[in-house]
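Structure first, commentary second.
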Amino acid sequence: MILSLIALSEALGLGPDPQAILRPLQQLYLELDRSLASRAAGHGLPCHEGCDACCHEAVFLSAPEVLLVMAHLLEVRTLTELEQLVAQMTTLSERFADELELLETLMPGAERDEVAARVAFRCPLLGGDGRCSIYSVRELNARTFGQSWDPHGDQAYGCGLTHQRLRVLPDQGRSLYDAREARRRLVAAVPGTERVHVYPWWFARYGALLLAAKSESSART
Ligand code: SF4
C-alpha cells in the first residue's frame, strides 16, 4: 500500500484503510451498473460510453468517489500528466471560486442548482476523443445520469437527449432504476459519502497529496 494513499484517505476524512472504502464502493458500482442496465434494457437510451453531454457542467461527487478516481489515476498516469491535471483543476477552482465557496454551504435544491449551473466547464478528465478517461471508475452521478428515474421530479434523471427519447415510450421511463435509491445505497454501503462537491474543488484541495502519492510510488519502482 502506498503510504501517501493512506495519507490521502485520511485527509479526505476516510480513515487509514483506503481499501475499506474502495472495496465496497467498487462492489456497489458493479451491482448498480447491472441493475441500471437491466432496467434500461429496451429503452434505446442515447446515453452511452463516448457521449459527453453531461461532462461540461458541475458534476458532484463524494470523498470516497474521489479516492477511487485518484487511486486509479495513480496507476495509469505519469507524474507529469497528474501535475497538468491538478493544475487544470486548480485553475477551474480559481475561476469559479465564488460559486464553489457557495456550493460548500448550500443544500440540494433550487438555489444550489442555480449556482451549480453557473459552474460550466469541460471536465479535465474528458479525453481529447470525447471519451471519459476514467470511465471504469467514474462517479456515481455519471453512472445514473441518463439511465435512471427521479421519482420526486417524476422525470428521467438525464439530459435533454434522454427526455426526448423517453417522450416516445409508453411508460416514459418510469420503469428505469430509481436515481435516489442509487444514492441511498451509496450512503448506506460506503462511509463518508454525505459531503459532495465538484471535481475542481476536490483536486484543488487534495491534488498535492495525489502528487505526493505518485512521487512516492515512482521512487519505489
Ligand atoms: S469524470 Fe468522466 S464522466 Fe465524469 S464528468 Fe468527467 S469526463 Fe464526464
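Structure notes:
- In region 3-79, the ratio of gyration radius to Kirkwood radius, Rg to Rh, stands at 1.05 when only Cα atoms are counted.
- Net charge of Cβ neighbours under 15 Å - reference Thr193; Lys, Arg +1; Asp, Glu -1: +3
- Percentage of interatomic Cα-Cα distances in region 146-197 larger than 17 Å: 42 percent
- Here the chain is described by how far its Cα atoms reach on the three principal axes: 58, 35, 34 Å, from widest to narrowest.
- Rounded to 10°, Cα long-axis angle of helix 63-76 versus longest principal axis of the chain: 60 degrees
- Packing-based exposure ordering (other Cβ within 10 Å, fewest first) of Val76, Val198, Val59: Val76, Val59, Val198
- Footprinting exposure proxy ranking of Thr162, Thr91, Thr193, Thr80, fewest other C-beta atoms within 10 angstrom first, gives Thr80, Thr91, Thr193, Thr162.
- Radius of gyration and Dmax over the Cα atoms of region 68-166, both given in Å: 15.9, 45
- Fluctuation leader among Val66, Val168, Val190 - the chain, Gaussian network, Cα springs under 10 angstrom: Val168
- Extension gain, Leu106 to Glu94: 0.36 nm times the residue separation minus the Cα-Cα distance gives 2.4 nm.
- Note on Gln164 and Ala120: their simple-model spin labels are 1.7 nm apart, each label 7 Å out from Cα toward Cβ.
- Tilt relative to the chain, helix 18-40 - C-alpha long axis, 0 to 90 degrees, to 10: 20 degrees
- Those GluC sites (Glu not before Pro) in region 4-72 that DSSP places in a loop and that have at most 12 other beta carbons within 10 Å: Glu49
- Footprinting exposure proxy ranking of Ile21, Ile6, fewest other C-beta atoms within 10 angstrom first, gives Ile6, Ile21.
Every number in this text was worked out from the coordinates using simple rules, so none of it is lab data. Here the structure is a predicted model, which means the values were calculated and not measured. A quick note on method: Cβ atoms are made from the backbone with ideal geometry, for glycine too, and the neighbour counts reach across all protein chains shown.
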